[in-house]
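Structure first, commentary second.
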Amino acid sequence: MYTKNFVNPCPDWATALLNGFSQVLLQRNPLCGLLCLLAILITAPELIGGALLGALAGLLTAQRRGYNRADRQAGLYSYNGVLLGLLLSHALPWSALLPPLIIAAAGLSSMLVHQWLKRKSPRLLPAYTAPFVLIGWAVLALAEPSSAGYGPVAANPLFALGRGLGQIFLLDQPLAGLLIALGLLIANRYAAAWALLGAALGGSVALLGGEAGAGYYGLYGFNAALAALAFSQTRVQPWRPLLAIVLAIVLQPLLGLLPVPGLTAPFILACWLLQLGTAARRRPLAQLRASP
């Protein structure tokens, strides 16, 4: 995840929470996080409590267990909690057990991220949203999901593009995508352009492939957008985010065969495959240079 320093006047706890929201987009920028928070509050107010509870539970778990303060402030222990809070609030019916479940899931995600971070190695693949996916799959496989579904959607390509970004936070309103895009523009205009391209390509492939419903809901756009964001920092190799987009789009229908929602697994696997392929390509070159 992105850990570049960002100076701002927010209190430490507020900075850490807002950075947690922005780290969902692989950015560290409190203003970006604030716009993501507003996107949830305005377009899906019923989910805001779960998102904040998940972010806070992840942060407090890291603080209580004495994890690295710089990583806490960067939002690295909160972003999986944000996603888990959103997912569980969206997928499960309300009950008195839901808040403790969100707290437990977000706390566990914080501990998993810590195990990943303390084993930092050039050979270790980034965690990305793997804790969110693994815990989310476990909960969804064991629990009875809510019967709530999607309603009618306008067949508008621009709205589909907005939903492609909004679905990163499980939001299906174009306004959510607009606010998220504005947050990305504030954090990194180059990354914002790649995210929009990823969402556009993913949605276009869905429409051309006969998946109009999924395409207009943005369900083929968010993994491609995340994959592009993961490699948007390296401007000298534009083929990397483009290849990540392609891999995420290819993996989307394959992971759709699982008995549980694929969530952000296509994004994670696309990035891991690209990084493994890059490492395998570099290894023979390094050995060749080292040989006498």
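The values are calculated or read from the model by the stated rules, or taken from the named source; none is laboratory data. This is a predicted model, so every value here is computed, not measured. With ideal geometry, Cβ positions are generated from the backbone for all residues, glycine too; neighbour counts draw on all protein chains shown.
In table form, for the structure just shown:
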quantity	calculated
Sole exception among (1) free of Cβ contacts under 8 Å to residues at least 40 places away in the same chain; (2) assigned to a loop (DSSP other than H, G, I, E, B); (3) among the basic types (K, R) for R240, by number	(2)
Filtered residues of the stretch 50-85 (kept if buried (at least 24 other Cβ atoms within 10 Å of the Cβ) and either of a type in the set (F, W, Y) or not assigned by TED's automatic domain parsing to the domain that holds I135 (or both))	Y77, Y79
